[in-house]
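One structure is given here, and the rest of the page talks about it.
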Amino acid sequence: MALLEVQHLKKYYATQKAVDDVSFSVQPGSIFGLLGPNGAGKTTLLRMITGIFYPDEGNVLLDGRPFQAETDILRIGYMPEERGLYKKMKIGDQAVYLAQLKGLPRDKAIAKVKEWFEKFEMQSWWSKKVEDLSKGMGQKLQFVTTVLHEPGLIILDEPFSGLDPVNSNLIKEEIFKLAKAGSTIIFSTHRMEQVEEICDQIILINKGRKILDGKVDTVKQQFKENLYLLQTDSEQIPVTHGFTIKERDGHEWIIQLNEQTSVNEMLTQLIANNVNIKGFNEILPSLNDIFIRLVNGSQSASRQFQPVTA
Amino acid sequence: MNKTYIIIQREFLSRVQKKTFVLTTILLPLLIFGFYALIIYFSVKGNDDLKVAVADHTGLLKDKLENSESVQFTFVEEKDPAVLQQSLKERKYNGYIIVPAGFTAQKGDSLVYASNSNVGLMTKEKIERRINKAYEKIRLQPLLAPGVSIKAVDSTRAEIALQVSKEGGKSGSTGFAYVLGFASGILIYMVLLIYGTMVMRGVMEEKTNRVAEVMISSVKPYQLMMGKILGIGAVGIVQFFIWGVLIMALQMLLPLFFPEMVDQAIQQQGSMPAMTNAAQQPGMLQELTKNLNNTNIGMIAGLFILYFFGGYLLYSALFAAVGCAVNEDPQDAQQLMFPIMMPIIFSFVIMTQALNNPDGGLALFGSLFPLTSPIVMMARLPYGVPGWQIFLSIALLALGFLGTAWLAARIYRTGILMYGKKPTWKEMWKWAFTK
């Protein structure tokens, strides 16, 4: 059974449809990517899942039961895109405070914070103030406060923005570990390379509507264009009817097979024509390409401003 | 543990543990006390050795000028201004007055007080008063029948106080009620402004730091808002309590530092034309204590705390609503605060009216209407207010708080996560009254 099921969720603002009939489900223990261009409605969608906003229509089911903000909130760790902490508060106190608000008793919260601070080598920060931290350090702290209470569902809105590669990796590792330990992770991003690396499943939304849903591999297969990279040492390759040459860069060729031609047929043909093949592999579209194609395909990428009439 | 309680705890501790809190709470009363002590010190010490030489050519004033600790008149035979001037230089006297022969102190006449230093208004009046009094006595004596002394005439002066008794109740002094009412009204006014804006800034801080969204994902907006309001309210009560204790303690210490202060006060009062009888003064002190006993101080203090908290809750909810609507720009806050400031200032105006006419229609309205009642009712209380009005006023205040809290919570819920342009009143109205 799906851990989280979102059914026909809708949220309309006065001037726009922020989320327009979006449904999907997330399996327990999986890493789920929510993709979309800026202003697509990702944050609104996440806010409805975390109980910050009430949907205008539709349901959010957690473990098959309707979402109860009062109690279910404790099982969710949410890191909003706009990072924010009390600037004047000591870091340790702050982490303990947020953990207490998530329902941990004080002594347990302190123990947990210490444990995580050790893991991230932040022990010496305890009595520093948030305003003394660099942006990246603040991000790490924010991540710690999000996962501190061991939530079953972790929702991260743009978790990697503003992090250097080292810290970015650190967080990525933690995300993997948490997923392995049984947590389910949803994160939104518009940086596709990370998605390809860590996500099991993605959905792509644009202008409030879902335009793509599936496993990363499946999606790639679905959008492949039969492109192959061919490396030879000859200056020329004979063009036969089975494929067309898309690009050439020295001894590297990008070719597109016709629908009917199989890879074996083409290779046999080339070998028969004395082409010395050094390398050959399929080019699957990157999620980035798919993303751009889909978003551009559905008219303009970003929403247009509409005059406020309300 | 209750989440609102955790929030209250943080809001309270984070403010109380600040250095500025300790400074303002402890230092402010000390500063005020030091200021008072300084004033008293100078008024006691500053002018006690004013020596005035009087060169009286008429010989009338001798033994008629009253000496006191602060002004000493010395009669000198020397008639030459140059010699007198010399004695000023030698610091034998602070100044001299020459009364020319044939001076009769008619209307329009004047004497000259010559001095090397500047003469303050108070000093000038002191000397003036004594000389005039001396001439009064000189002229009064010939008019009196033989055997009647001036002392006997003085003793005929009447000094009774008019006490106001309302509906056969305890008598009280209107002046005392005025001062007490004004003081408590002003205090509430300041409480509303200081702690109200503190709530507003707290909410703005949460919003601009973007911590609001993190918080809202753990607690309900309503809990966050109430936690903030109650936490800051607790800060206010603690601060007021410390101030009260400190000021009372220092007040009690005051006579220890200045034992002569009380005597001095008696003397100065005694020399006032209105109160020739120095024995009146202890009576004044007695009257003050009597007034304190007569007006039910316990009840007023209790109601003060009630109106303090009630008014604070009512207004801080509104301030919280304003805080959540503001983005980064403090100027927006100024603009949005204006409609909330209006009723506070309005209450202040009604209060001054109510002090002069405590049972008037405006005062009655002001002390019942929840937006103005904390200030206006406090001003009316020392005059005595019927019980039903107090109950009604408090009930309305409680209802008013529920109303503003409800309204603020709805605006807060939407506003705290709204970024971008400043909302218009129309938009805020929609946040409050649509689902």
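The values are calculated or read from the model by the stated rules, or taken from the named source; none is laboratory data. If you're wondering where the values come from, they're calculated on a predicted model, not measured in any experiment. Here the Cβ positions follow ideal geometry from the backbone for every residue, glycine too, while neighbour counts run over all protein chains shown. For the accessible areas, the whole protein counts, side chains as well, though only heavy atoms, and no ligand, DNA or RNA atoms are used. Shrake-Rupley method; radii C 1.70, N 1.55, O 1.52, S 1.80 Å.
Computed on chain A, with alpha-carbon pairs under 8 angstrom and 6+ residues apart, the relative contact order is 22 percent.
Across region B:329-377, the relative contact order, built from alpha-carbon pairs under 8 Å that are at least six residues apart, equals 34 percent.
Given +1 at the Cβ of Lys and Arg, -1 at the Cβ of Asp and Glu and no other charges, the dipole of the protein assembly as shown around its Cα centre is 1860 debye to the nearest 20. Cross-linked pairs A:LYS102/A:LYS215; B:LYS3/B:LYS228; A:LYS180/B:LYS220; A:LYS90/B:LYS228; A:LYS129/B:LYS18; A:LYS135/A:LYS210: Cα-Cα separations exceed 21 Å for A:LYS102/A:LYS215; A:LYS180/B:LYS220; A:LYS135/A:LYS210. For region A:32-42, the Karplus equation 6.51 cos²θ - 1.76 cosθ + 1.60, evaluated at θ = phi - 60°, returns couplings of 10, x, 10, 10, x, x, 4, x, 6, x, 4 Hz by residue, with Gly and Pro reported as x. Between A:MET1 and B:LEU187, the distance separating the two model label sites (each 7 Å from Cα on the Cα→Cβ line) works out to 6.1 nm.
Note on B:ASN67/B:ILE345: beta-carbon distance plugged into 1/(1 + (r/R0)^6) with R0 of 60 Å gives a FRET efficiency of 0.70. Largest GNM mean-square fluctuation across B:LEU396, B:LEU38, B:LEU224, computed for chain B with C-alpha springs under 10 Å, falls on B:LEU38. Largest mean-square fluctuation among A:PRO165, A:PRO66, A:PRO238, in a Gaussian network model of chain A whose springs join Cα atoms under 10 Å apart, belongs to A:PRO238.
Calculate, for B:TRP388 and A:LYS87, the FRET efficiency according to 1/(1 + (r/R0)^6) with r their C-beta to C-beta distance and R0 30 Å; round to the nearest 0.05. Display every interim value, and only then the final one.
Values: r = 50 Å, r/R0 = 1.66.
Efficiency for this residue pair is about 0.05.
Averaged over the residues of B:13-23, the number of partner chain Cβ atoms lying within 10 Å of the residue Cβ comes to 1. When chain A is described by a simple charge dipole with +1 on each Lys and Arg Cβ and -1 on each Asp and Glu Cβ, the residue from A:GLN94, A:THR268, A:GLN201 located farthest towards its positive end is A:GLN94.
On the protein assembly as shown, 59 percent of the accessible area sits on carbon and sulfur atoms, based on a 1.4 Å probe. The mean count of C-beta atoms from other chains within 10 Å of the C-beta of residues in A:81-90, rounded to a whole number, is 5.
Across chain B, Cα pairs under 8 Å and at least six residues apart give a relative contact order of 19 percent.
Compared with the direct C-alpha span, the chain from A:GLU57 to A:LEU227 gains 56.9 nm at full extension, assuming 0.36 nm per residue. Counting only DSSP beta bridges with both residues in chain B, the antiparallel share comes to about 35 percent. Summarising the amide proton neighbourhood of A:TYR78: residues at separation of 5 or more, or on other chains, whose placed amide H is nearer than 5 Å comprise A:ILE155. Among the lysines, select those whose C-alpha is under 20 Å from the C-alpha of A:LYS278, and discard any that sit fewer than 8 residues away in the same chain. Within the straight-line limit of under 20 Å, A:LYS278 reaches these lysines: A:LYS246.
Backbone amide hydrogens, once placed in the peptide plane, bring B:GLY95 within less than 5 Å of B:LYS51, B:ALA53, excluding anything fewer than 5 places away on its chain.
Each 10 Å bin from 0 upward holds the following percent of the Cα-Cα pairs of the protein assembly as shown: 2, 10, 15, 15, 13, 11, 9, 7, 6, 5, 3, 2, 1, 1, 0, 0.
Normalised radius of gyration for region B:1-90, please: alpha carbon Rg relative to 2.2 N^0.38 Å, two decimal places.
2.42
Here chain A is assigned +1 on the Cβ of each Lys and Arg and -1 on the Cβ of each Asp and Glu. Its dipole about the Cα centre then comes out at about 1240 debye.
Extending 7 Å from the Cα toward the beta-carbon at both B:GLU90 and A:ILE198 defines two label points whose distance is 9.8 nm. If the chain linking B:ILE297 and B:GLU77 were pulled fully straight, counting 0.36 nm for each residue of separation and taking away their Cα-Cα distance, it would gain 73.2 nm.
Shown is the FRET efficiency for A:LEU74 and A:ASN274, computed with R0 = 56 Å from the Cβ-Cβ distance and rounded to the nearest 0.05: 0.20.
What does the helix-only formula give at 222 nm for chain B: each DSSP H stretch with n ≥ 4 adding -39500 (n - 2.57), the total divided by the residues, and the result rounded to the nearest 500 deg cm²/dmol?
-22000 deg cm²/dmol
Judged by the mean number of other Cβ atoms found within 10 Å, the most tightly packed of the peptides B:200-206, B:313-319 leads the ranking B:313-319, B:200-206. Taking a straight Cα-Cα cut-off under 20 Å and skipping sequence neighbours fewer than 8 places away in the same chain, the aspartates and glutamates within cross-link reach of B:LYS107 are B:ASP56, B:GLU125, B:GLU128, B:GLU136.
What do you reckon, how do B:ARG15, A:ARG293 stack up by accessible area (1.4 Å probe), largest on top?
Numbers: B:ARG15 35, A:ARG293 100 Å².
In descending accessible area the options line up as A:ARG293, B:ARG15.
The simple spin-label model puts a point 7 Å past each Cα toward its Cβ; for A:LYS119 and A:GLN16 those points are separated by 3.6 nm.
Along the axis of the charge dipole computed for the protein assembly as shown (Cβ charges of +1 for Lys and Arg, -1 for Asp and Glu, origin at the Cα centre), the listed residues A:GLN123, B:VAL385, B:SER367 are led at the positive end by B:VAL385. Counting Cβ atoms of other protein chains within 10 Å of each residue's Cβ and taking the mean over peptide A:96-108 gives 3. How much solvent-accessible surface does B:LEU121 expose, in Å² to the nearest 10, with a 1.4 Å probe and all protein chains in place? Number for this one is 120 Å². Which aspartates and glutamates does B:LYS89 reach when only Cα atoms under 20 Å apart count, and residues fewer than 8 places away in its own chain are ignored? Once the sequence-local aspartates and glutamates are set aside, what remains near B:LYS89 is B:ASP48, B:ASP49, B:GLU77, B:GLU78, B:ASP80. Taking all protein chains as shown and a probe of 1.4 angstrom, A:LYS210 keeps an accessible surface of around 70 Å².
By the compact-protein rule of thumb, 2.2 N^0.38 Å, the alpha-carbon radius of gyration of chain B corresponds to a ratio of 1.39.
For region A:225-283, dividing the convex hull volume of the Cα atoms by the residue count gives 71 Å³ per residue. Where does the charge balance sit around A:ARG75 when Lys and Arg score +1, Asp and Glu -1, over other residues with C-beta under 10 Å from its C-beta? Residues close to A:ARG75 contribute a combined charge of -2. Across region B:398-406, computed HN-Hα scalar couplings (Karplus, 6.51 cos²θ - 1.76 cosθ + 1.60, θ = phi - 60°) run 4, 4, x, 5, 4, x, 5, 5, 4 Hz from first to last residue, x flagging Gly and Pro.
What you get for region B:49-150, charging only the Cβ of Lys and Arg (+1) and of Asp and Glu (-1), is a dipole of about 180 debye around the Cα centre.
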